[in-house]
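Reading through the structure tokens given below for one structure.
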Amino acid sequence: MVKVTDILYYAINPQELRSIIQWKVWHQPVHEREEDKESVSSRICYDFLDKTSRSFSAVIQELHPELLLPICLFYLILRGLDTIEDDTSIPAETKNPLLRDFHDRLEEDGWCFTGNRPEEKDRELLVQFKHVVTEFKKIKPAYRDIIKDTTDKMGNGMADYINNAEFNEVGVDKIEDYELYCHYVAGLVGEGLTRLFVESGYGNPALLQKSHLHESMGRFLQKTNIIRDIKEDFDDKRKFWPREIWSKHVDKYEDLLKPEYRDAALNCSSEMVLNALNHADECLFYLAGLKEQSVFNFCAIPQSMAIATLALCFRNPKIFERNIKITRGQACQIMVASTQNLRIVCEVFRDHVRLIHKKNVPQDPSFLKISIACGKIEQFIESIFPSQRPEDVIRSKPGEPKTLKALEKEAQDKEARHDMLMMMMAMGTMLLVVSGLMFGLAWLLGARFDLAFADAKKGMQDIMASNWRPAPGSSRAAKPAKQFDHDEI
Amino acid sequence: MEIGSVLVTGGTGFLGSAIVRALREKHPHCHITVVDIQGSNDTGFATDSDLSFAQADVTSPESLSNVFSKCRPQVVIHTAGIVPPLSERYARRMEKDVLRVNVEGTRNTLRAAKEAGCAAFVYTGSCTAVIDDVSIQYANIDERWPLAYRSSIYGESKALAEELVLSSSGDGIKACVLRPSVICGEGDNQLLPPIHACIAKRETSYIIGDGHNLWDITYVGNIADAHVLAAQNLLSTMTAAGEAFFIQNNEPIAFRDLSLAVWKHFGHIPPFKIVIPAGLAWFAGFLAECFTWMSGTTATLSRGSVRDACSVRYANGQKAEKILGYKARVGIEEGIRISCEDYAKRLKQRAKE
């Protein structure tokens, strides 16, 4: 359904409408699924992908055939794990072993789970999990090991949090805990995906050695979601903003959402954005290590969306009222830009970092830190895509270095010029005096300068009248001239 | 790595005194001779057997050789120089003085150091030797960038002096050049005062250009550290000999943000925001220059100051990190805070007097 407000919005922002059209009409997937060659169970898996993921489904389905199914299954497995973790109707003693041993279920033929409450939205995935198992057993053992290992780590991490009473009551405490939480729910995915990329040969092996890079990829996305979803999460009784940060601004977590504490809450959100922003340069660095277009797109799109979301949420009081999103037009614009190359993704980042920089206000306690973080990202982008190279710099005014000697010479030249001027002036004066004397002498001797002057004036008028302005207005001057002519004849 | 004896020219100045402090911290047994045009200890250093003061004028070779022949230092750190005040920065009225002190002064000091058999010579250059040609933007530049011979009188003098120093590095004496960016810290008279003065002049609400242009600002203590590291290098591995290094905090920030942070420290937040496009501001600067030319006064606004305000000037610190092992010890946020507190204290004192 097209809403009236949408029509109005795109009437004012036609460039966004253009991006939507551009994306819908011109976007060519790098790779396309070959549906006729797919098995029944794999097709069911892709259907689940469509149902469970709005944002990831399209990019996953455009992946290189080598990684298409493994990453689709990876996603569905983690989604299944998440569905068990999220379900508050499952008692802890049942949930705990389920999560911790989930990686072992992946190769159990026909395994499924029907214990979810009916309202759990991805319940069906676990009910029909046997299709995932069937396909999982078909993929390369190396990929299987990576996925199993990640599932193992993540399942255990989730189980730890369930047992953590403090986490469930007061939410995340220290920044350290916040980092660890983001590591479990997102950093681990980053690690698993990176291992898949490197294993397939589409990622630079250095990406695995520099583990902080893929860790940043995951955390940047997760932290952005945590910032954006503050209201939604709080309504679900989940508190992800760490106490170490919010306690600097408000006394109680719920104050963040009260209108009377809006300024404090905004300052708190800035500190949260700052914390996320520190990952941005590493995310760009990571993207530089990807060697295949579809893999690049798969990684770059969510990152670009995240920086745009972060810019939207920065010092935006609306995050405490409702869940805000970038517009569809902006999303398409970002997708068009993020499916090309790193340079263009860097531009997307720089533009949004500048948006954040523009919204940064000195009243904010994190003002200078945010300014420094923005500068750091700009410098990083400049370091990988320099806007100028030293060999291109041609000094606009090349010339001899100006030494004291050169200055003295300049002064001498100036003096010489000055002398010349003085001499010319002296000569001029002399000329004036001499001619004055001569005229004086002539006058004394009886020369009639008045007649000569009148004559000269008349002659001048004649010339002006005949040549310069032969129009009717000057006929008075022209007539005597004619008369004079007659007389002469 | 121990340093036996050091002579610091301009050692009672803003940067010079910070270098003396850093030397005393890192090399407590090193003998330091502080040379200054006044030759008096008014910086509050506790004088002891390891710290002495001497008077010399860098523009007078005789006064230099007097001091050098007496103390025969192992290392010379040459920081003495003049920085024209902001009102003269874009003009050429002080050109001769600047050249005499900064270029001829360096030539004299180099000669005196060579004659006294010094082993190492560290020269305090300036990033302006490269970046004061305002027709170009300098984003993330490094030491491959060429010197600018036609820029500001200060930048030109620093470029010339730098060449003198680098070309003299050889078998007899090892020399290197450090090019610090704009400096803040205790005793700063160049950076903070004019920014602070904008509050009283009601100039804080106007933004020239887009306000995104990044600058390097450096805390004075970090630059002092870099000098000590350079001296150590020239006495040991000598990998820095004949080299120039950009030295900064490696945390470029928008110049506007530095100003906002300073104003905030003094309890001022601009009440509104008016963005003036760079082109328009340049024209206004031109008009202001015409006016000052006719009236004979000096103004904040000029084409030079407008270009400065819109320019991008930050360098990449990799070379200094790799060769000297330099890293900023004090972060820029902390550095700005220290500067503001120091200036607030001085203002209070001035008000009392």
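The values are calculated or read from the model by the stated rules, or taken from the named source; none is laboratory data. This structure is a prediction, so every number in the text was calculated from the model and none was measured. Neighbour counts are summed over all protein chains in view; Cβ atoms, including those assigned to glycine, are modelled from backbone coordinates with ideal geometry. Heavy atoms of the whole protein, side chains included, go into the accessibility calculation; ligands, DNA and RNA do not. Shrake-Rupley method; radii C 1.70, N 1.55, O 1.52, S 1.80 Å.
With r as the distance between the Cβ atoms of A:Glu347 and A:Met425 and R0 = 56 Å, compute the FRET efficiency 1/(1 + (r/R0)^6) and round to 0.05.
E(calc), rounded to 0.05, equals 0.35.
Using a 10 Å cut-off on Cβ to Cβ distances, tally the other chain neighbours for every residue of B:250-256 and report the average as a whole number.
Counting Cβ atoms of other protein chains within 10 Å of each residue's Cβ and averaging gives 5.
According to a simple spin-label model (label point 7 Å from Cα along Cα-to-Cβ), what is the distance in nm between A:Glu32 and A:Asp149?
The modelled label-to-label distance comes out at 3.6 nm.
Using a 7 Å offset from the Cα along the Cα-to-Cβ direction at both A:Arg43 and A:Phe449, what is the distance between the two label points in nm, to one decimal?
Here the modelled spin labels are 11.7 nm apart.
Along the Cα→Cβ direction, 7 angstrom out, place labels at B:Ala344 and A:Lys24. What is the inter-label distance in nm?
5.7
As a test of the formula, what do you get for chain A when each DSSP H run with n ≥ 4 contributes -39,500 (n - 2.57) and the sum is divided by the residue count, at 222 nm and rounded to the nearest 500 deg cm²/dmol?
Taken over chain A, the calculation gives -21000 deg cm²/dmol.
Kindly express, to the nearest 10 degrees and within the range 0 to 90, the angle between helix B:153-168's C-alpha long axis and the longest C-alpha principal axis of chain B.
For helix B:153-168, the angle is close to 20 degrees.
Given a Förster distance of 35 Å, report the FRET efficiency between A:Asp413 and B:Lys327 from their Cβ-Cβ distance, rounded to the nearest 0.05.
0.10
I need the shape label for region A:308-384. Rule: rounded when a/c is under 1.5, else prolate if a/b > b/c, else oblate, with a, b, c from the alpha carbon gyration tensor.
Oblate.
Provide the buried accessible surface between chains A and B in square angstrom, both chains summed, 1.4 Å probe, rounded to the nearest 100.
Approximately 3400 Å², summed over both chains.
If you average the sequence gap of Cα pairs under 8 Å that are 6 or more apart and divide by the length of region A:116-209, what percent do you get for the contact order?
With pairs under 8 Å counted, the relative contact order is 26 percent.
Given a 1.4 Å probe, how much area per residue of chain A is accessible, in Å²?
Averaged over the residues of chain A, the accessible area is 55 Å².
Which percent, nearest 5, of DSSP beta bridges in the protein assembly as shown are antiparallel?
10
Could you point to the residue in A:Trp23, A:Gly110, A:Asn13 farthest towards the positive end of region A:1-131's charge dipole, with +1 and -1 charges on the Cβ of Lys/Arg and Asp/Glu respectively?
A:Asn13
222 nm [θ] for chain B, helices only, -39500 (n - 2.57) per DSSP H run of 4+, per residue, to 500?
Result for chain B: -12500 deg cm²/dmol, rounded to the nearest 500.
If you stretched the chain out fully between A:Gln388 and A:Ile139, how much longer would it get, using 0.36 nm times the residue separation minus the C-alpha to C-alpha distance?
Once the chain is fully extended between A:Gln388 and A:Ile139, it gains 84.9 nm.
At a 1.4 Å probe radius, carbon and sulfur cover how many percent of the accessible area of the protein assembly as shown?
56
List, by residue number, every residue in region B:318-342 with a reduction of 50 Å² or greater in accessible area between the chain on its own and the complete protein assembly, 1.4 Å probe.
SASA drop of 50 Å² or more in region B:318-342: B:Glu333.
Estimate the FRET efficiency between A:Lys210 and A:Trp111 by the formula 1/(1 + (r/R0)^6), using the beta-carbon distance for r and 25 Å for R0, to the nearest 0.05.
0.10
Given the whole protein assembly as supplied and a 1.4 Å probe, what does the accessible area of B:Leu178 come to in Å², nearest 10?
Around 0 Å² of this residue is reachable by solvent.
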